[in-house]
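Peer 1: Shown below is the structure under consideration.
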Amino acid sequence: MSERITIKQIPLEELVITPGSACQGCGAALAARLAFKALGPNTIRHSIPACPDNVTRTPTSGGEFEAGGDHVTGTWRALKALGREDVQVVGFYGDGGVYDIGFQSISGAAIRNENVFIICKNNEAYMNTGGQVSGATPQLAMTTTTPVGPMSRGKPNSRKNTPMIFAMHGVPYVATASVAFPTDLIAKIQYGKGIKGFKFLDILSPCPTGWRFEPNKTIEVARLAVQTGFWPLYEIIDGRKFRLTYKPRELKPVAEYLKLQGRFRHLTEEEIKEIQRDITDYWERLLKLDEIGEILL
Amino acid sequence: MEHKNFEVMTGNKACAWGVKLSRVQVASIYPVTPQTTIGEYIAEFIAKGELNCELVNAEGELSTQAIVKAASRVGARTFVCTSGPGQLYMHHPMHGTSSGRLPVVMATVHRGNKGMQPDHTDLMSQLWTGWIQWYCENNQEVLDSVIMAYRTAEDKRVRLPIAIGYDGYILSYTSEPVEIPDQAMVDEFLPPYEPIPNILPDKWAEAQTRRGAGMMGDFMSGGADPQAAWRIHHEAILNSKGVIKEVNEEFGKRFGRKYGNGLVEEYRTDDAEAVIVAMGTIASTARVAIDRMRSEGKPVGLVKLKTFVPFPTEDFQELGKRTRAIGMIDRNVCLGLGGAGFGELRRALYDLEERPRILGFYAGLAGAEVRVRDIEKMAEKTLKAARGEKVEPIIEWAKLGGGE
Ligand code: SF4
């Protein structure tokens, strides 16, 4: 399990490209900044179409949107063949490439337990192409392809629980993180870095443009996602050992999180209550797992 | 006499032997009939400790291609193989492999799109992906071509992926005696692969200054001209003809076998009034047909077309000057357009002052059998055309399997 660190222990070295191609207040750009501080320069970063894309100064390779799991696989196997196992292979991908079109290839890499780190900068939609719905988009969120109108209430179905699906591949390490909890995020990467095999980190990365909030509110939104239980922080080892890494005595009401964002502006009180029921229910199940320290499957 | 090591083996085993002798470092496989046993043979070589190679059992052909692409970029010698529908599924990353100028070698064990049986539509459907394409006639050629392909693909003047096609079942699952070249001689012929640029973190800065900032795609970039990437890639393929010929010559010198000039192999064309052109296993059948007709005093010859991309335009133009009619046998059809070989041949010869007549024959599609008698009929028709007789139609679906 990851070990707690303090803000002072966050590495100083910056590996991101500044100014990059990101909008003001981009959560994903911050995710890259934090993640690559922990990963260090001896890294080959893979990219697939994602928003923002050109983020770090590390050697970069990549290609097809649907083949993220394959790019890291090929790179890792070649490094192994060349006797360069010291180099880390990191796929820094968006939720579209991880949850949807590239899911098969990443599942393949996971089940073969390739020695790679897949990091998802999860902004919960296809922001690169202007905010279309993805498998990571939460229920009832408005996107450009799940608009709100007399016949539609936004996204009709719930998010894909991708971290849990990868955990069920039995891989060494799966975790969630948030840009508002940088020490937790970095500790998880540092821990994953030390493990040989497949690692997956899903970072909730608020997108002011697509989620419709002011760029100076990114951290507030990201923090509330965690404090309301909308985006719980946890880690899973070998698809079995489970630990919540952030456990408030009481969750804040999810309405506080939803009301900050334009994509949920249309929600009725009844709909917010329904979301609250789902969130509370899932949080209680996670608390039970945390208590026994295991996923019993 | 020096000792030669022969073994009776299937085309797929010959292919796997080519991989082994080439000391491939990363191979990626996914089962699809009739290609599957290549991966099995490679896995066996590795299991027995005879080949030191990372073998990835991937989750589909799109993945197998993307895996070797990434591995090649890091600097490993890579191999991938496919067949029919798998080839079609691989289409997207094939563009990236060639655009990245990565010397990946792939075997395509032909299976058509309308059933399990072979024709060349699988690989022909990839004509726009920017790969060099070779078509093989027998199992020995399959093995030798794999070795020659790495030497060609990795040549600094080429840096392009090569697809080696051979007919499913007819070769993939049929055993023939094949000479296994000596490993030490192959090692001499095929030096280790060096990536350009090198993306290892300790070589990255150097790679950046040499190539300019950014991703591997910049290998292709030509500054402000948006068309430059296409032009550079196109010219690179055209320019590979010389290297293909060179490699074929040198292989011949070292191993005692070569395949025409590497692009085409002419058979009894010197004084031929009419010539037929065949690819893959049909070339073997055609050779017998030509011999039979020659014994009857009919001046016909054969061109075996090995390198389809880049197309040996110059060789055909030279042939076109000394023959009166050419009959192209296409084991493929681009639906609504026609046979790929026929179209290319006409394009190649159109500008000759006096061009020969060019006839087209569709034969052997979906595994339809092509017999000696069938080819004799095609050659007879071509000879008639050469002698100025009226022949119709210019393009026909050959009547196959006897029947007359
Ligand atoms: S659209 Fe969203 S994810 Fe993309 S750069 Fe802007 S803030 Fe970041």
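Where a number appears in this text, it was derived from the coordinates with a stated rule and is not lab data. Just so it is clear, the model here is predicted, and its values are computed rather than measured. As a convention, Cβ positions derive from the backbone with ideal geometry for all residues, glycine included, and neighbour counts pool all protein chains shown.
Peer 1: Quick check on my filter: what residues within the range A:90-111 are touching a strand residue (DSSP E or B) at 6+ places or on another chain (Cβ under 7 Å) and under 19 Å from B:Cys53 (Cβ atoms)?
Peer 2: Passing the criteria: none in range.
Peer 1: What are the pairs, 6+ residues apart or on separate chains, where a residue within the range B:24-52 that is away from every other protein chain (no Cβ under 14 Å) has its Cβ under 9 Å from a residue that is among the aliphatic types (A, V, I, L, M) and surrounded by fewer than 17 Cβ atoms within 10 Å (Cβ to Cβ)?
Peer 2: Correct list of pairs: B:Thr33/B:Met116; B:Pro34/B:Met116.
Peer 1: One residue is enough: does the range A:213-223 have a residue meeting the conditions touching a strand residue (DSSP E or B) at 6+ places or on another chain (Cβ under 7 Å) and crowded, with 23+ Cβ neighbours inside 10 Å?
Peer 2: yes
Peer 1: Going through the range B:353-380 one residue at a time, which ones are crowded, with 23+ Cβ neighbours inside 10 Å and of a type in the set (D, E, K, R)?
Peer 2: The one that is crowded, with 23+ Cβ neighbours inside 10 Å and of a type in the set (D, E, K, R): B:Asp374.
Peer 1: Related question: I need the full set of residues from the range B:23-38 which are surrounded by 23 or more Cβ atoms within 10 Å (Cβ to Cβ) and of a type outside the set (A, V, I, L, M), in order please. Before you say what the answer is, go through the steps one by one.
Peer 2: Initially, the range B:23-38 is screened for residues surrounded by 23 or more Cβ atoms within 10 Å (Cβ to Cβ), giving B:24-30, B:34-35, B:38.
Residues satisfying the conditions are B:Gln25, B:Ser28, B:Tyr30, B:Pro34, B:Gln35.
Peer 1: How about the range A:211-227: which of its residues are within 13 Å of the ligand (Cβ to nearest atom) and either within 16 Å of the chain's Cα centre (by Cα) or free of Cβ contacts under 8 Å to residues at least 24 places away in the same chain (or both)?
Peer 2: Once the filter is applied, which keeps residues that are within 13 Å of the ligand (Cβ to nearest atom) and either within 16 Å of the chain's Cα centre (by Cα) or free of Cβ contacts under 8 Å to residues at least 24 places away in the same chain (or both), the range A:211-227 yields A:Trp211, A:Thr218, A:Val221, A:Ala222.
Peer 1: Right, another one. Return the residues of the range B:120-154 that are aromatic (Phe, Trp, Tyr) and over 17 Å from B:Phe311 (Cα atoms); say none if nothing qualifies.
Peer 2: Scanning the range B:120-154 gives a single hit, B:Tyr150.
Peer 1: Just to be sure before I move on: is A:Asn113 among the polar types (S, T, N, Q), within 10 Å of another protein chain (Cβ to nearest Cβ) and surrounded by fewer than 23 Cβ atoms within 10 Å (Cβ to Cβ) in the structure I sent?
Peer 2: Against the criterion (among the polar types (S, T, N, Q), within 10 Å of another protein chain (Cβ to nearest Cβ) and surrounded by fewer than 23 Cβ atoms within 10 Å (Cβ to Cβ)), A:Asn113 does not qualify.
Peer 1: Also, quick follow-up: Quick check: is even one residue across the range B:87-99 within 14 Å of chain A (Cβ to nearest Cβ) and part of a strand (DSSP E or B)?
Peer 2: No, that holds for no residue.
Peer 1: Taking the condition more than 14 Å from every other protein chain (Cβ to nearest Cβ), away from the ligand (no atom under 16 Å from the Cβ) and crowded, with 17+ Cβ neighbours inside 10 Å, does A:Ile189 pass?
Peer 2: yes
Peer 1: Find all pairs meeting these conditions: Cβ atoms under 7 angstrom apart; at least six residues apart or on different chains; first residue within the range A:11-36 and under 13 Å from A:Asn123 (Cα atoms); second residue part of a helix (DSSP H, G or I) and more than 10 Å from the ligand (Cβ to nearest atom).
Peer 2: A:Gly25/A:Asn216; A:Gly27/A:Ala222
Peer 1: Continuing with this model, one more query. Determine which single condition A:Arg159 fails, assuming it passes every other condition in (1) more than 16 Å from the ligand (Cβ to nearest atom); (2) of a type in the set (D, E, K, R); (3) under 16 Å from A:Ser205 (Cα atoms); (4) in contact (Cβ under 8 Å) with a residue 40 or more places away in the chain.
Peer 2: (4)
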